[in-house]
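The values are calculated or read from the model by the stated rules, or taken from the named source; none is laboratory data. Just so you know, these numbers come straight off a predicted model, no measurement behind them. Every residue, glycine among them, receives a Cβ derived from its backbone with ideal geometry; neighbour counts consider all protein chains shown.
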Amino acid sequence: MSQTPETKLAYLGFQLLQPSAALRPYIQSYWNFQRRVPLHTYHEEYMNPRGGYGIVFNFGDALRLGTQAVTDPIFLDGANTVSRAMGFFGNIDLLGIRFYEGGAFPFIGIPLIELQNEINLLDVLDKHNLLQLHGRLQETASLLARICLLENWLLSRLTHGKEQNILVPASLHALRTSNGLYPIAGLAQEFSISQRQMERIYQTQVGMSPKQYSQLLRVESARLALKRMGKKSSAELAAELGFYDQSHFIREFSTVIGMSPYAYAKRIRVQTP
């Protein structure tokens, strides 16, 4: 039986909170990791890419993202195109924003393709303002009060005039509901726009091309299928998920997840009681 995020991440003091109505079109959730006692053994949690951005405020000890130590108190969990591990040790106290795909652009305000797979945020936005916000959040003991401060900052960012293109939510929905199988040419035609125009909009507001996003959706579908029924063959999954052939599927899965479908299924079987 697979674990829920709540049980799997309980050792980190995981909590999930919903945004207010005004921010719900852009933000999927807020998350909080907060342990009462330090973590004396190093742990890693793998984050698989789904195309959405996040901002993380760290009030505890430094983390690791893959092989990289993260010493900035505020960093970007960017629109990753590959899986990576977040490593924890010592004092754990983090607050994160998880944006919907395309939802971060109105708040960050620069072409998100420039931040793909990046973590640096302090040199992108107003560093002084961000550090001041971090200090106020750190001085606030209550999680709900922290969320209130954070939402006030987010709402102020919406007044900067960076609006989400109306094509983005609708086209993302079409790609999601087809598990990445909707032809990009057909999608552009449906929205009366050229493929090149659609690509430019996606690179600016989503942080990747429609083709890259479709790839992530297909790989995510395969990953979840392997978790549900790990013995399913790569050939069967490739056919079901619209890959050209088995080798194409294995190549794309390995590029995004960092291991072959076989190795991933084997790891799931070992982890599942």
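Tabulated values for the structure
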| quantity | calculated |
| --- | --- |
| Only listed residue being among the hydroxyl-bearing types (S, T, Y) and assigned by TED's automatic domain parsing to the domain that holds P49, chosen from S142, S171 | S142 |
| Cβ-Cβ under 8 Å pairs, at least 6 apart or on other chains, the stretch 261-273 side more than 18 Å from T4 (Cα to Cα), far side at pLDDT below 80 and hydroxyl-bearing (S, T, Y) | P261/S234; Y262/S234 |
| Any strands (runs of 3 or more DSSP E) falling wholly within the stretch 1-90 and containing at least 3 residues that are under 23 Å from P111 (Cα atoms) and out of contact with any Asp or Glu (no Cβ under 8 Å at 6 or more places or on another chain) | 27-34, 74-77 |
| Filter pass, Q164 being more than 30 Å from A239 (Cβ to Cβ), touching a Pro at 6+ places or on another chain (Cβ under 8 Å) and of a type in the set (S, T, N, Q) | yes |
| Filter result (surrounded by fewer than 22 Cβ atoms within 10 Å (Cβ to Cβ) and not small (G, A, S)) within the stretch 218-241 | E220, R223, L224, K227, R228, M229, K231, K232, E236, E240, L241 |
| In the stretch 1-33, residue surrounded by the fewest Cβ atoms within 10 Å (Cβ to Cβ) [restricted to those that are closer than 16 Å to L94 by Cα, among the hydroxyl-bearing types (S, T, Y) and within 16 Å of the chain's Cα centre (by Cα)] | S29 |
| Options L154, L131, L121, L95: the member that is in the same structural domain as G51 (by TED's automatic domain parsing), at pLDDT 95 or above, in contact with a strand residue (DSSP E or B) (Cβ under 6 Å, 6 or more places away or on another chain) and of a type outside the set (K, R) | L95 |
| Verdict on V124 being within 21 Å of the chain's Cα centre (by Cα), β-branched (V, I, T) and in a helix (DSSP H, G or I) | no |
| Residue list for the stretch 147-176, restricted to those being more than 18 Å from the chain's Cα centre (by Cα), over 16 Å from I97 (Cβ atoms) and part of a helix (DSSP H, G or I) | T159, H160, L167, A170, S171, A174 |
| Any pair with Cβ under 7 angstrom, 6 or more apart, that starts in the stretch 28-44 at a residue that is over 10 Å from F14 (Cβ atoms) and ends at one that is among the charged types (D, E, K, R) | Q28/R98; S29/R98 |
| Residue count for the stretch 115-170, restricted to those that are among the polar types (S, T, N, Q) and within 30 Å of T67 (Cβ to Cβ) | 4 |
| Filter result (of a type in the set (K, R) and crowded, with 18+ Cβ neighbours inside 10 Å) within the stretch 109-158 | R146 |
| From the options P106, P73, residue that is surrounded by 16 or more Cβ atoms within 10 Å (Cβ to Cβ) and more than 21 Å from M208 (Cβ to Cβ) | P73 |
| The stretch 1-34, subset small (G, A, S) and more than 28 Å from R157 (Cβ to Cβ), residue modelled with the lowest pLDDT | S2 |
